[in-house]
Amino acid sequence: MSSPTHTADNFIEEIIVEDLANGKHGGRIHTRFPPEPNGYLHIGHAKAIVINFETARKFGGRTNLRMDDTNPSTEETLFVENIQSDIRWLGYEWEGETRYASDYFEELYQLALKLIDKGLAYVDESTAAEIEAQKGDIGVPGKNSPFRDRSAEENRDLFTRMRAGEFPDGSRVLRAKIDMAHPNLLLRDPVLYRIKHEAHHRTGEDWCIYPLYDFAHGQSDSIEGITHSLCSLEFRHHRDLYNWLIEALEIFPSRQIEFARMNVDYFITSKRKLKMLIEEGLVTGWDDPRMSTIAGLRRKGYPAEAIRNFCMHTGVTRRDSQQTLDLLEFNVREVLNRDADRYMAVLDPVKLVITNYPEDQTEWLETENNPEDASHGTRQLPFGREIYVEREDYRKEPQNRKYYRLAPDKDVRLKSAYIIHCDGHEEDAEGKVTQINCTYYPDSRSGEDTSGVKAKGTLHWVSASAAVDLEVRMYQPLFTDPTPMDHEDRDFIEFLNPDSLTMITAKGEPALQGAAVGESFQFLRQGYFTVDPDSTPARPVFNLTVGLKSSFRG
RNA sequence: AGACCCAUGGUGUAAUUGGCAACACAACAGAUUUUGGUUCUGUCGUUCAAGGUUCGAGUCCUUGUGGGUCUACCA
């Protein structure tokens, strides 16, 4: 193993490169991803996951997965399982077993005792309201609690009895003894432990006191020997407390580094708001393809690789960022263009009859599965006298000379089949086209075209007799505003997009019927689609992942 | 009100740590194309402002301006 000199791609890596150069922690790099198991992971978590795992990987380090489960009221094992599978789906495997902050409850308790013995923590009998009042205000110093100067012995006794369950919820807390006039409000004697007579999803009834974030997170980092504890910017103020506790407790000095969390246009990532969307029935669940959750994006057909690339391409900074959907979709198309096989499906079908083609004849035509990759091979397509084409591909009268789709007297190529000449259409009383009539050039067959006819346009089509019905769910962003949360005067719910989901029945080529759940395809000239879990062989269901780019005007 | 953080093209990130501002996305134009997709080529910028240090500042200093975070027994 050589020790390559890595170049730093962002400010976190700069710190690491410097630490490595200084031989800090013997060159060991250890990060962690610490979700609270009270909801599903979303695109913002994906960013944090990618940063933690990729940073460690780059420097030959490791990454732990730790459930930050210090609040028994909100956490569930169900979420733990989903978090694990989402991370694995994204393509990452953590070091060893999944860790839990709750595994350290006894150790944390001992650390609290140590703090008490050092005279740096005290049991406070003030009410929550009183503690809030003592806190002071921004720019206004707080006041000491009347219980602040108890002896270490008394505090130890009280804290031990808190643990033993002698006191009711809310009657007492353990507080760090720091400085009630500190400019950082978090250091004004923060609460470290609270009493909660509640069962925990892992420790059951073992505990009735639970540590708060500030007395669990950093300590868990130290216990696990985390060298670089990467978190989002809103924890900046907690770093002062994080470091104060490291010094007071004399524990392994993990270093907290904050980066800006990522926002993406048209997505919201507030767990509470996401939960509300589900409870109100505005989406179908955590994995609704319109959700910002990993589960939702997966169901929508976003490849893990695309999400990873997106997270890496957007960089790591200390500056609030609002990413465009364009960039996310670019990354999705980039992967799918390379990997997805091309199939034909007509989303808004209209019948087209090739009047000079023999009735009852079916011809099998060869077509390539993926023009980007010949190794994907070819398949056979049934072709016949009656086919479906896209209603949008026909114009009664073309509006400009750059139009090269179907219109009376126009020639177009049917993908992998023949060139046809359009003779006209039939319509109903309202003027709606009910059938398009064409003739074909028998010597223009794809691959052996000797017709000499030039057709500028190429259309996708499906044999009418062989077509299968597909339920296709067309998605648009859930909101009509890119930042629905950023309106002080309006609730984000007002920006819900009424057209975020449209169900249509499309006509697909028969091979689509056997597609497996999760498999992605390009529906030629339309976009990328993936098979939804609701799909059955009798009723295939596809989700629109993302449309193809198009420079077509008109 | 105090403390802390941030400021580069329409968007997001770079700039060998003071040395002629780069990459990607988007947009626009053109070439190729049996997907109006893909691919390829081209076009679009003096770094929030004002001072200062310096031969030289996006980078350092000062003062502003604008934005963000913080007063849960949540994480």
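Against the conditions (1) surrounded by fewer than 17 Cβ atoms within 10 Å (Cβ to Cβ); (2) among the aliphatic types (A, V, I, L, M); (3) part of a strand (DSSP E or B), where does A:Ala129 fall short? Just the number, please.
So the condition that A:Ala129 fails would be (3).
For the range A:320-359, which positions are polar (S, T, N, Q), within 13 Å of RNA strand B (Cβ to nearest atom) and surrounded by fewer than 21 Cβ atoms within 10 Å (Cβ to Cβ)?
Step one: filter the range A:320-359 for residues polar (S, T, N, Q), giving A:321-324, A:331, A:337, A:355-356.
Remaining after also requiring within 13 Å of RNA strand B (Cβ to nearest atom): A:321-324, A:331, A:337.
Of everything in the range A:320-359, those that are polar (S, T, N, Q), within 13 Å of RNA strand B (Cβ to nearest atom) and surrounded by fewer than 21 Cβ atoms within 10 Å (Cβ to Cβ) turn out to be A:Ser321, A:Gln322, A:Gln323, A:Thr324, A:Asn337.
Hey, A:Val316 hits all of (1) surrounded by fewer than 21 Cβ atoms within 10 Å (Cβ to Cβ); (2) under 19 Å from A:His42 (Cα atoms); (3) in contact (Cβ under 8 Å) with a residue 24 or more places away in the chain but one; which does it fall short on?
A:Val316 satisfies all of (1) surrounded by fewer than 21 Cβ atoms within 10 Å (Cβ to Cβ); (2) under 19 Å from A:His42 (Cα atoms); (3) in contact (Cβ under 8 Å) with a residue 24 or more places away in the chain except (1).
Please state which one of A:Ala515, A:Ala506 is more than 16 Å from RNA strand B (Cβ to nearest atom), outside the structural domain of A:Arg391 (by TED's automatic domain parsing), in contact (Cβ under 8 Å) with a residue 12 or more places away in the chain and more than 23 Å from the chain's Cα centre (by Cα). If you could, list the steps in order and put the result at the bottom.
Values: A:Ala506 fails: more than 16 Å from RNA strand B (Cβ to nearest atom).
Answer to the check: A:Ala515.
For every residue, the table says whether it meets (1) surrounded by 15 or more Cβ atoms within 10 Å (Cβ to Cβ); (2) in a helix (DSSP H, G or I); (3) at pLDDT below 95; (4) touching a Lys or Arg at 6+ places or on another chain (Cβ under 7 Å).
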residue	(1), (2), (3), (4)
A:Pro408	yes, no, no, no
A:Ile420	yes, no, no, no
A:Gly424	no, no, no, no
A:Gln435	no, no, no, yes
A:Ser446	yes, no, no, no
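Among (1) more than 13 Å from RNA strand B (Cβ to nearest atom); (2) of a type in the set (S, T, N, Q); (3) over 16 Å from the mean Cα position of the chain (by Cα), where does A:Asn10 come up short?
Tallying (1) more than 13 Å from RNA strand B (Cβ to nearest atom); (2) of a type in the set (S, T, N, Q); (3) over 16 Å from the mean Cα position of the chain (by Cα), A:Asn10 fails exactly one: (1).
State whether the residues of the range A:23-41 include one that is within 12 Å of RNA strand B (Cβ to nearest atom), farther than 20 Å from A:Ile226 by Cα and in contact with a Lys or Arg (Cβ under 6 Å, 6 or more places away or on another chain).
Yes, some residue in the range A:23-41 is within 12 Å of RNA strand B (Cβ to nearest atom), farther than 20 Å from A:Ile226 by Cα and in contact with a Lys or Arg (Cβ under 6 Å, 6 or more places away or on another chain).
A quick yes/no check of all residues on (1) within 25 Å of A:Ala306 (Cα to Cα); (2) of a type outside the set (Lys, Arg); (3) surrounded by 14 or more Cβ atoms within 10 Å (Cβ to Cβ):
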position: A:Gly508; (1), (2), (3): no, yes, yes
position: A:Pro533; (1), (2), (3): yes, yes, no
position: A:Lys549; (1), (2), (3): yes, no, no
position: A:Phe552; (1), (2), (3): no, yes, no
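Look through A:Ile138, A:Ile116 and report the one residue that is buried (at least 21 other Cβ atoms within 10 Å of the Cβ) and in the same structural domain as A:His182 (by TED's automatic domain parsing). Lay out the reasoning, then the answer.
Details: A:Ile138 fails: buried (at least 21 other Cβ atoms within 10 Å of the Cβ).
Only one candidate passes the filter, namely A:Ile116.
Criterion first (in contact (Cβ under 8 Å) with a residue 40 or more places away in the chain, in the same structural domain as A:Ala248 (by TED's automatic domain parsing) and assigned to a strand (DSSP E or B)) does A:Tyr122 satisfy it? Quick ask: steps written out before the conclusion?
Numbers: in contact (Cβ under 8 Å) with a residue 40 or more places away in the chain: yes; in the same structural domain as A:Ala248 (by TED's automatic domain parsing): yes; assigned to a strand (DSSP E or B): yes.
The answer is yes for A:Tyr122.
Any idea which of A:Asp169, A:Asp149 is assigned by TED's automatic domain parsing to the domain that holds A:Phe79, more than 24 Å from A:His238 (Cβ to Cβ), within 10 Å of RNA strand B (Cβ to nearest atom) and surrounded by fewer than 21 Cβ atoms within 10 Å (Cβ to Cβ)?
Numbers: A:Asp149 fails: within 10 Å of RNA strand B (Cβ to nearest atom).
Answer to the check: A:Asp169.
When you go through (1) surrounded by fewer than 22 Cβ atoms within 10 Å (Cβ to Cβ); (2) on the phi < 0 side of the Ramachandran plot; (3) away from RNA strand B (no atom under 14 Å from the Cβ); (4) outside any loop (DSSP other than H, G, I, E, B) one by one for A:Ala48, which number turns out not to apply?
Result: A:Ala48 fails condition (3) only.
Which condition number does A:Gln134 fail, the rest of (1) in contact with a strand residue (DSSP E or B) (Cβ under 7 Å, 6 or more places away or on another chain); (2) touching a residue at least 40 places away in the same chain (Cβ under 8 Å) being met?
Looking at each condition in turn, A:Gln134 falls short on (1).
So that you can scan it fast, the table gives a plain yes or no per residue for (1) among the aliphatic types (A, V, I, L, M); (2) on the phi > 0 side of the Ramachandran plot; (3) surrounded by 19 or more Cβ atoms within 10 Å (Cβ to Cβ); (4) near RNA strand B (Cβ under 8 Å from one of its atoms):
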site: A:Tyr210; (1), (2), (3), (4): no, no, yes, yes
site: A:Ala216; (1), (2), (3), (4): yes, no, yes, yes
site: A:Ser220; (1), (2), (3), (4): no, no, yes, no
site: A:Ile223; (1), (2), (3), (4): yes, no, yes, no
site: A:Ile226; (1), (2), (3), (4): yes, no, yes, no
site: A:Glu234; (1), (2), (3), (4): no, no, no, yes
site: A:Arg239; (1), (2), (3), (4): no, no, no, no
site: A:Glu247; (1), (2), (3), (4): no, no, no, no
site: A:Glu250; (1), (2), (3), (4): no, yes, no, no
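Within the range A:473-484, is even one residue surrounded by fewer than 17 Cβ atoms within 10 Å (Cβ to Cβ), on the phi > 0 side of the Ramachandran plot and in contact with a Lys or Arg (Cβ under 9 Å, 6 or more places away or on another chain)?
no
Of the residues A:Trp94, A:Trp89, only one is in contact with a Leu (Cβ under 6 Å, 6 or more places away or on another chain), among the aromatic types (Phe, Trp, Tyr) and more than 10 Å from RNA strand B (Cβ to nearest atom); which?
Working: A:Trp89 fails: in contact with a Leu (Cβ under 6 Å, 6 or more places away or on another chain).
That would be A:Trp94, the only listed residue that is in contact with a Leu (Cβ under 6 Å, 6 or more places away or on another chain), among the aromatic types (Phe, Trp, Tyr) and more than 10 Å from RNA strand B (Cβ to nearest atom).
Regarding the range A:368-389, can at least one residue be identified that is touching a His at 6+ places or on another chain (Cβ under 7 Å), crowded, with 20+ Cβ neighbours inside 10 Å and of a type outside the set (Val, Ile, Thr)? Working first, answer last.
The initial filter retains those residues of the range A:368-389 that are touching a His at 6+ places or on another chain (Cβ under 7 Å), namely A:369-370.
Subset that is crowded, with 20+ Cβ neighbours inside 10 Å: none.
No; the residues of the range A:368-389 include none that is touching a His at 6+ places or on another chain (Cβ under 7 Å), crowded, with 20+ Cβ neighbours inside 10 Å and of a type outside the set (Val, Ile, Thr).
Scan the range A:401-427 and report the pairs whose first residue is closer than 22 Å to A:Ser551 by Cβ and whose second residue is assigned to a loop (DSSP other than H, G, I, E, B) and of a type in the set (A, V, I, L, M), with Cβ atoms within less than 7 Å and a gap of 6+ or a chain change.
These pairs meet every condition: A:Asp411/A:Val453; A:Asp411/A:Ala455; A:Val412/A:Ala455; A:Arg413/A:Ala455; A:Lys415/A:Met344; A:Lys415/A:Leu524.
With respect to the numbered conditions (1) in contact (Cβ under 8 Å) with a residue 12 or more places away in the chain; (2) within 10 Å of RNA strand B (Cβ to nearest atom), which one is the sole condition not fulfilled by A:His201?
The single condition A:His201 does not satisfy is (2).
Say we look at the range A:172-191 and pick out the residues that are surrounded by fewer than 21 Cβ atoms within 10 Å (Cβ to Cβ) and in contact (Cβ under 8 Å) with a residue 60 or more places away in the chain; which of these is nearest to the chain's Cα centre (by Cα)?
Top of the filtered list is A:Val191.
The values are calculated or read from the model by the stated rules, or taken from the named source; none is laboratory data. Values in this document were obtained by computation on a predicted structure and should not be read as measured data. Neighbour counts are summed over all protein chains in view; Cβ atoms, including those assigned to glycine, are modelled from backbone coordinates with ideal geometry.
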